[in-house]
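J.: Right, I'll just put the structure down here and ask away after.
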Amino acid sequence: MIRYQKDTDNIVTLIMDMSERGANVINHEIGDVFVPVIAHLKHEKSRGALRGVILTSAKKSFLAGGDLEYLYRAEEAEEIFRFCEKMKKFLRDLESPGVPVVAALNGDALGAGFEVALACHHRIIIDNPGVSVGLPEVQIGLMPGAGGSIRLMWLLGIEKAYPVLSGGLRYNPQEALRAGIIDELATSRKDMLEKAKAWLMKTHEGRRPWDREGHTIPGGSARDPHVAAWFRQHSAEQAAAGPYNPAKQAILSVLYEGSKVDFDTACRIESRYYTGLLRSRSCKNMIKAFWFDYNSIRSGINRPKGFGRFRPRKVGVIGAGQMGSGIALACLTNGLEVVIKDISRLVAERGRDYVRNYLNQQVAQGIFSPAERDTMLQRVKTTDDPHDFSTCDLVIEAVFENQMVKQKVTKEAEIHMDEYSIFGTNTISIPISKLAAASVRPAHYIGLHFFHPAEDVPLVEIVRGAKTSDETVARAFDFVTSIGKIPIVVKDDWGFYVARVQNTYLLEGVTMLKEGYPPALVEHLGRQAGMPKGALALADDLGLALVLHYERQAAEHYGARYIQHPAVSALEMMLNDLQRPGRAKKAGFYEYEENGDRRLWEELGAHFPAHRPNSNNEELVERFLFAQVIEAVWCMQEHVIHTIPGANLGSIYGWGFPATSGGVIQFIADYGAIRFLERCKLFEQRYGPRFKAPKLLGELALGNYELRIT
């Protein structure tokens with residue numbers, strides 16, 4: 001529904017208000033709704049009764065992005081291309097009534113919703129830090145499909161448009177103003193509409209730059225030598241950066257080709273690339289993960305039922321190191337109060353300093369205002385007295401990885417905690433049930449495994465101990481979602497889920513090194529597989545002792561059924577004989593400069609001779625990926641992780657499994673479950689029992705991809 005209002009100055013305000021929806025949504029039908037409205041505007045212009053147009057919304061948001069369910073189902077190239085061209089015609093008509101048009105953004109405008117705003121001559125937004133605008137399509141393997149990339153190129157120039165298109169960022173109003181994608185800020189809805197009218201009253205040009213003769217793209221086109229050199233540099237950087245995202249390459253290609261032709265031809269080029277991306281497996285996989293799986297988790301697929309929503313207001317954090325301070329930051333930036341405790345008030349103040357320094361950076365970038373920073377800092381209390389936890393709804397310990405220390409701080413805190421509050425431990429390797437033995441309320445004790453840096457990584461493992469109650473799990477789930485993170489509920493088992501599966505990637509890399517493959521090749525193929533770091537580099541970062549510790553936990557867990565991984569002897573040699581435990585000691589598979597730079601250890605070849613000059617690189621890449629996927633399925637079969645959405649997003653956010661695969665379980669669906677099983681059998685014959693397929697894979701091979709483990 002479009003409400004049409006016209007004032008005495010011949011300015012029309014179009015108010016979008018889709019019935020029976022909480023938000024206005026761009027879909028394949030919206031252009032039809034606007035057809036009679038735009039026709040009427042052109043008629044009004046022809047008889048001199050139209051000065052300008054304001055487009056705004058009656059909802060809390062301006063306009064949401066595309067209908068992802070529709071896009072996910074779309075397969076036919078002609079259908080997708082027609083959809084793009086239909087959207088483009090609607091926006092061309094919107095920007096061409098012969099008078100200027102203002103987008104008055106009262107709330108969020110993302111994806112295709114922001115493309116509508118870009119089709120307006122001027123954009124004004126209410127300066128509310130909770131409002132987001134931008135083009136995040138690249139995060140699901142897509143790019144703008146309604147002319148957004150071409151309009152941005154013409155408005156900002158290629159060099160400024162590319163980071164907006166390829167970064168997939170959501171901008172608050174201040175950031176958007178600095179980026180040049182918003183023209184004005186307003187203090188309120190009334191101020192926004194008044195500014196929109198004032199701009200229209202003084203503006204007479206109704207044509208966009210690309211429709212005016214003599215106008216060119218700011219900074220030049222790909223025909224200019226310096227711009228062509230820019231494209232070559234960025235194409236090379238993208239190829240080297242990894243993991244590969246086809247959407248970023250498509251954006252570069254559209255800008256390159258589109259800058260050489262007229263606006264409408266450039267838009268058709270964009271439609272062709274958009275069609276190719278949307279039909280690709282990587283895009284479908286990313287939509288599955290970041291839309292369907294994400295919403296399944298956020299809706300509570302693994303939250304125990306029957307418990308009211310827990311709304312924490314105050315959180316205690318024990319430990320003012322990087323992890324504790326990061327947890328405090330995540331709480332503060334989502335409106336909670338925080339008490340940071342350490343062995344002394346002076347040490348606890350380091351946590352406040354960490355928070356202050358981080359917030360100062362955010363203020364400098366325009367993400368928060370100075371007033372918002374000061375308000376958050378006022379919500380931080382530092383202490384050395386556990387009595388200050390008496391008013392906390394939840395206390396999380398983030399001290400170093402030592403069972404006795406963790407149990408000591410638990411006892412000190414619980415004495416003063418409210419009987420309804422819960423206690424969370426951030427541990428990476430100690431069983432929750434073992435730590436909970438020191439708790440006077442083990443039913444209220446739970447693992448909350450954050451990942452470094454805690455303020456940025458969006459995943460938290462909720463680890464259920466043997467005596468943890470359902471209500472505590474539900475409350476932990478609500479806490480994690482309240483600070484904007486993704487909760488996955490996991491069993492209290494060795495390595496939990498993330499570390500256990502990630503370890504298989506590291507072990508496979510060490511095994512390849514031991515088998516005689518050059519270390520540089522091993523690292524390169526890890527990146528080629530789509531992993532964020534080479535296996536040897538990541539092993540160094542975690543510490544080889546921890547990598548070996550997880551494998552020893554596996555041996556303890558499986559007992560007589562355990563078969564030693566071939567990487568164990570190489571790890572033992574690195575630790576015991578060569579005294580190279582990893583990055584913390586600046587000596588591992590890599591050697592380290594004082595400035596933090598690293599390179600592969602020069603003597604590595606003497607201890608692991610490279611005697612395989614010829615390699616089947618495709619098979620080595622598959623070994624990296626299969627090792628992780630098989631272990632993830634074992635985790636599902638052993639009830640370590642309970643849902644496919646949790647397994648998928650846990651793999652992407654937890655250790656960097658390639659997002660283009662959609663996650664570890666979606667990888668099987670994409671590869672073909674029967675084909676995957678056959679490949680497992682081949683790898684088991686060639687490389688050993690670590691590639692043996694769990695029984696659960698047989699159910700997946702039957703097509704039961706939505707299987708739920710309870």
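J.: Quick one: is Ile125 surrounded by 24 or more Cβ atoms within 10 Å (Cβ to Cβ), within 22 Å of the chain's Cα centre (by Cα) and more than 29 Å from Gly220 (Cβ to Cβ)?
T.: On the way: surrounded by 24 or more Cβ atoms within 10 Å (Cβ to Cβ): yes; within 22 Å of the chain's Cα centre (by Cα): no; more than 29 Å from Gly220 (Cβ to Cβ): yes.
Spelling it out, it is not the case that Ile125 is surrounded by 24 or more Cβ atoms within 10 Å (Cβ to Cβ), within 22 Å of the chain's Cα centre (by Cα) and more than 29 Å from Gly220 (Cβ to Cβ).
J.: So in region 390-413, with the set limited to residues that are in contact with a Pro (Cβ under 7 Å, 6 or more places away or on another chain) and closer than 18 Å to Gly319 by Cβ, which one is surrounded by the fewest Cβ atoms within 10 Å (Cβ to Cβ)?
T.: Step one: list which residues in region 390-413 are in contact with a Pro (Cβ under 7 Å, 6 or more places away or on another chain), which gives 393-394, 412-413.
If we keep only those that are closer than 18 Å to Gly319 by Cβ too, we end up with 394, 412-413.
Numbers: Leu394: 26, Glu412: 16, Ala413: 24.
So the residue we want is Glu412.
J.: Might you check whether a residue that is part of a helix (DSSP H, G or I), free of Cβ contacts under 8 Å to residues at least 40 places away in the same chain and under 19 Å from Pro453 (Cα atoms) occurs anywhere in region 336-348?
T.: Checking region 336-348: at least one residue is part of a helix (DSSP H, G or I), free of Cβ contacts under 8 Å to residues at least 40 places away in the same chain and under 19 Å from Pro453 (Cα atoms).
J.: So which residues in region 308-336 are touching a Cys at 6+ places or on another chain (Cβ under 8 Å) and charged (D, E, K, R)?
T.: Within region 308-336, just Lys314 meets the criteria.
Each row is one residue, and each column tells you yes or no for (1) part of a loop (DSSP other than H, G, I, E, B); (2) modelled with pLDDT under 95.
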residue	(1), (2)
Arg123	no, no
Val131	yes, yes
Glu137	no, yes
Gly145	yes, yes
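J.: Sticking with this one: Scan region 355-370 residue by residue and report those that are surrounded by fewer than 16 Cβ atoms within 10 Å (Cβ to Cβ), of a type outside the set (Gly, Ala, Ser) and outside any helix (DSSP H, G or I).
T.: Of everything in region 355-370, just one residue is surrounded by fewer than 16 Cβ atoms within 10 Å (Cβ to Cβ), of a type outside the set (Gly, Ala, Ser) and outside any helix (DSSP H, G or I), namely Gln365.
J.: Check Gly306 against each of (1) at positive phi; (2) in contact with a His (Cβ under 8 Å, 6 or more places away or on another chain) and name the one condition it does not meet.
T.: (2)
J.: Quick check on this structure: which one of Ser61, Ser19 is farther than 20 Å from Lys202 by Cα, touching a residue at least 12 places away in the same chain (Cβ under 8 Å), of a type in the set (Ser, Thr, Tyr) and buried (at least 17 other Cβ atoms within 10 Å of the Cβ)? Talk me through it step by step, then tell me what you get.
T.: On the way: Ser19 fails: buried (at least 17 other Cβ atoms within 10 Å of the Cβ).
Just a single option satisfies the conditions, and that option is Ser61.
J.: Inspect region 89-96 for any residue being under 21 Å from Ile287 (Cβ atoms), surrounded by fewer than 23 Cβ atoms within 10 Å (Cβ to Cβ) and among the aromatic types (Phe, Trp, Tyr) and give the result as yes or no.
T.: Scanning region 89-96, I find no residue that is under 21 Å from Ile287 (Cβ atoms), surrounded by fewer than 23 Cβ atoms within 10 Å (Cβ to Cβ) and among the aromatic types (Phe, Trp, Tyr), so the answer is no.
J.: Still on this structure, please answer the following. Here's a check for you: in region 661-677, which residue that is of a type in the set (Val, Ile, Thr) and surrounded by 22 or more Cβ atoms within 10 Å (Cβ to Cβ) is farthest from Ala632 (Cα to Cα)?
T.: Residues of region 661-677 that are of a type in the set (Val, Ile, Thr), as a first pass: 664-665, 668, 674.
Next cut, surrounded by 22 or more Cβ atoms within 10 Å (Cβ to Cβ) only: 664-665, 668.
Details: Val664: 7, Ile665: 8, Ile668: 11 Å.
Only one residue fits best here, namely Ile668.
J.: Let me ask something additional. Among residues belonging to region 371-389 that are in contact with a helix residue (DSSP H, G or I) (Cβ under 8 Å, 6 or more places away or on another chain) and farther than 19 Å from Asn334 by Cβ, point out the one that is surrounded by the most Cβ atoms within 10 Å (Cβ to Cβ).
T.: Selected residue: Phe389.
J.: Shifting gears a bit: For region 9-31, which residues satisfy the criterion of being at pLDDT below 70 and more than 10 Å from Lys59 (Cβ to Cβ)?
T.: Within region 9-31, Glu20, Asn27, His28, Glu29, Ile30, Gly31 meet the criteria.
J.: Please specify each residue of region 455-496 satisfying the condition of being under 20 Å from Ser299 (Cα atoms), acidic (Asp, Glu) and more than 19 Å from the chain's Cα centre (by Cα).
T.: Listed by number, the residues that qualify are Asp470, Glu471, Asp478.
J.: Sticking with this structure for a sec: Can you pull out every residue in region 438-456 that is buried (at least 16 other Cβ atoms within 10 Å of the Cβ) and either under 15 Å from Phe496 (Cβ atoms) or free of Cβ contacts under 8 Å to residues at least 60 places away in the same chain (or both)?
T.: Ala438, Ser439, Arg441, Pro442, His444, Tyr445, Ile446, Gly447, Leu448, His449, Phe450, Phe451
J.: Filter the helices (runs of 4 or more DSSP H) completely within region 167-258 down to those with at least 3 residues that are in contact with a Ser or Thr (Cβ under 6 Å, 6 or more places away or on another chain).
T.: The qualifying helices (runs of 4 or more DSSP H) are 246-258.
J.: If you don't mind, another one. Examine region 607-619 for a residue that is modelled with pLDDT of 95 or more, among the charged types (D, E, K, R) and surrounded by 18 or more Cβ atoms within 10 Å (Cβ to Cβ), and state whether such a residue exists.
T.: No - not one qualifying residue is present in region 607-619.
J.: Would you say Ile158 is out of contact with any strand residue (DSSP E or B) (no Cβ under 6 Å at 6 or more places or on another chain), β-branched (Val, Ile, Thr), over 22 Å from Leu68 (Cβ atoms) and at pLDDT 95 or above?
T.: yes
J.: Could you list all residues from region 307-337 that are of a type in the set (Gly, Ala, Ser), within 24 Å of the chain's Cα centre (by Cα) and either crowded, with 18+ Cβ neighbours inside 10 Å or not assigned by TED's automatic domain parsing to the domain that holds Leu394 (or both)?
T.: Start the filter on region 307-337 by keeping residues that are of a type in the set (Gly, Ala, Ser), which leaves 308, 316, 319-321, 324-326, 328, 330, 335.
From the residues that got through so far, the ones that are within 24 Å of the chain's Cα centre (by Cα) too are 324-326, 328, 330, 335.
Residues satisfying the conditions are Gly324, Ser325, Gly326, Ala328, Ala330.
J.: Could you check, for region 286-300, whether at least one of its residues is basic (Lys, Arg), in contact (Cβ under 8 Å) with a residue 60 or more places away in the chain and in the same structural domain as Ile140 (by TED's automatic domain parsing)?
T.: Scanning region 286-300 turns up no residue that is basic (Lys, Arg), in contact (Cβ under 8 Å) with a residue 60 or more places away in the chain and in the same structural domain as Ile140 (by TED's automatic domain parsing).
J.: May I pose another question? State which residue is modelled with the lowest pLDDT when the search covers only region 678-710 and only residues that are touching a helix residue (DSSP H, G or I) at 6+ places or on another chain (Cβ under 7 Å), in a loop (DSSP other than H, G, I, E, B) and surrounded by 12 or more Cβ atoms within 10 Å (Cβ to Cβ).
T.: Residue satisfying both the conditions and the ranking: Ile709.
J.: Name the single residue that is nearest to Leu542 (Cα to Cα) among those in region 587-597 being modelled with pLDDT of 95 or more and not aromatic (Phe, Trp, Tyr).
T.: Gly588
J.: On the given criteria, is Gly495 touching a residue at least 60 places away in the same chain (Cβ under 8 Å), touching a Pro at 6+ places or on another chain (Cβ under 9 Å) and either surrounded by 24 or more Cβ atoms within 10 Å (Cβ to Cβ) or small (Gly, Ala, Ser) (or both)?
T.: It is false that Gly495 is touching a residue at least 60 places away in the same chain (Cβ under 8 Å), touching a Pro at 6+ places or on another chain (Cβ under 9 Å) and either surrounded by 24 or more Cβ atoms within 10 Å (Cβ to Cβ) or small (Gly, Ala, Ser) (or both).
J.: Return the pair list, or none, for Cβ contacts closer than 6 Å from residues in region 349-370 that are outside the structural domain of Leu177 (by TED's automatic domain parsing) to residues that are of a type outside the set (Lys, Arg) and in a loop (DSSP other than H, G, I, E, B), at least 6 apart or on different chains.
T.: These pairs meet every condition: Arg350/Ala320; Gly351/Ala320; Gln362/Phe368.
J.: Mind checking which residues of region 557-586 are over 32 Å from the mean Cα position of the chain (by Cα) and surrounded by 14 or more Cβ atoms within 10 Å (Cβ to Cβ)?
T.: Answer for region 557-586, where residues must be over 32 Å from the mean Cα position of the chain (by Cα) and surrounded by 14 or more Cβ atoms within 10 Å (Cβ to Cβ): His557, His565, Pro566, Val568, Ala570, Leu571, Met573, Met574, Leu575, Leu578, Arg580.
The values are calculated or read from the model by the stated rules, or taken from the named source; none is laboratory data. Computed from a predicted structure; not experimentally measured. FYI the Cβ positions are ideal-geometry reconstructions off the backbone, even for glycines, and counts take in every protein chain you see.
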